[in-house]
Amino acid sequence: MAKAIIPFAEGPKRPKQVISLGLYRTGSQSLKEALTILGYRDVFHSSALVDNFDKWNGMDAAADANIACLPSYTGNSYTREDWDAYLGPCEALTDVTPFAESLLNAYPEARVILVKRDFDSWVQSFLRTLVSPSSDGVLAWLSGNVFEPLVGLHLSQTVWKMYMGLLGVCDLGKTRDHNILRAGYDRHHANVRRLVPTDRLLELDLANLGWEPLCDFLGKDVPNVPFPRLNESRVFRNKFQELHQNMLVAGMLKILTPLAAAGGIGVLGIWAAKMRK
């Protein structure tokens, strides 16, 4: 059964003018800031979801509807109207690569930016910054598979779906396979080139990301400010660690609440206070 569409942002539905389809860890946060400086309104980037757990459920529904390799795939792929309902006021989209084909079909008029990064550098960053912090270790596994679902959240499982969708695999463990990473990397770039006419596609190297080619492609004046250079790698690692720790506390409280109701509230309070230190 299709999950309800939970809007990323409320507001008027605006045309999607720009879609950035570089792989994760290819400067999407910097590009999001650059597009905002250029005047695009409500530029989408998944970092806006980090502190809003309810919004992750919307991303989870979008993943299940549009990423065909997932075991949870529903087959109810989003139409233009569905994407408009989810991304309403966003005029530009970044950090949406697992949804590339669906979005390109929904918005064939959009200009597309493909930021590339050397494969070996990309693999190291992708695994170290995203895959490992989100899934390595007992605490990460418990958070994603036990404690988050227990309290009604699916954040870890959603990001795992995005990583699998990026590479076209149905098993998170395969996202660490070098051959699969190489094949996914090559396939994605080839698919974007196949689906997007050359006059609507700008390919940029991460090392040369800057105002001039971007503004020339988008028909914008070059701003009188430096091009934003953001690196959120430490932020991602810290956020995953914080999530897993908080979910341990929340999950255990959920489990132990019946004990508190039965007379163990003093012990539960002491335990919870220690866990928060």
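Model label sites at Asn191 and Thr257, defined 7 Å from Cα along the beta-carbon direction, differ in position by 4.0 nm. With the alpha-carbon atoms of segment 45-121 aligned to their principal axes, the span from lowest to highest coordinate is 33, 29, 27 Å, starting with the largest. Using a Gaussian network model of the chain in which every pair of alpha carbons under 10 angstrom is joined by a spring, one finds that among Gly251, Gly219, Gly184 the greatest mean-square fluctuation is at Gly219. Please compute the net charge surrounding Arg193, taking Lys and Arg as +1 and Asp and Glu as -1 over other residues with Cβ under 14 Å from its Cβ. Taking every other residue near Arg193 into account, the sum is 0.
Which is the longest stretch in the chain that no exposed loop site breaks, taking sites as GluC sites (Glu not before Pro) with a DSSP loop state and at most 11 other Cβ atoms within 10 Å?
110-277
Quick check on my link table: of Lys116/Lys174; Lys174/Lys254; Lys161/Lys254, which ones sit more than 29 Å apart, alpha carbon to alpha carbon?
Details: Lys116/Lys174 22 Å; Lys174/Lys254 33 Å; Lys161/Lys254 26 Å.
Long pairs (Cα-Cα over 29 Å): Lys174/Lys254.
Charge dipole (Cα centre; +1 on Lys/Arg Cβ, -1 on Asp/Glu Cβ; no other charges) of the chain amounts to roughly 600 debye. Once Rg and the Kirkwood radius are both taken over the C-alpha atoms of segment 110-246, their ratio Rg/Rh works out to 1.04.
Annotation: the chain has a Kirkwood hydrodynamic radius of 20.0 angstrom, from the mean reciprocal C-alpha pair distance.
Computed from the coordinates by the stated procedures, all read-outs in this text should not be read as laboratory data. Predicted, not measured: the structure shown is a model, and the values here were computed from it. All Cβ positions, glycine included, derive from the backbone under ideal geometry; neighbour counts span all protein chains shown.
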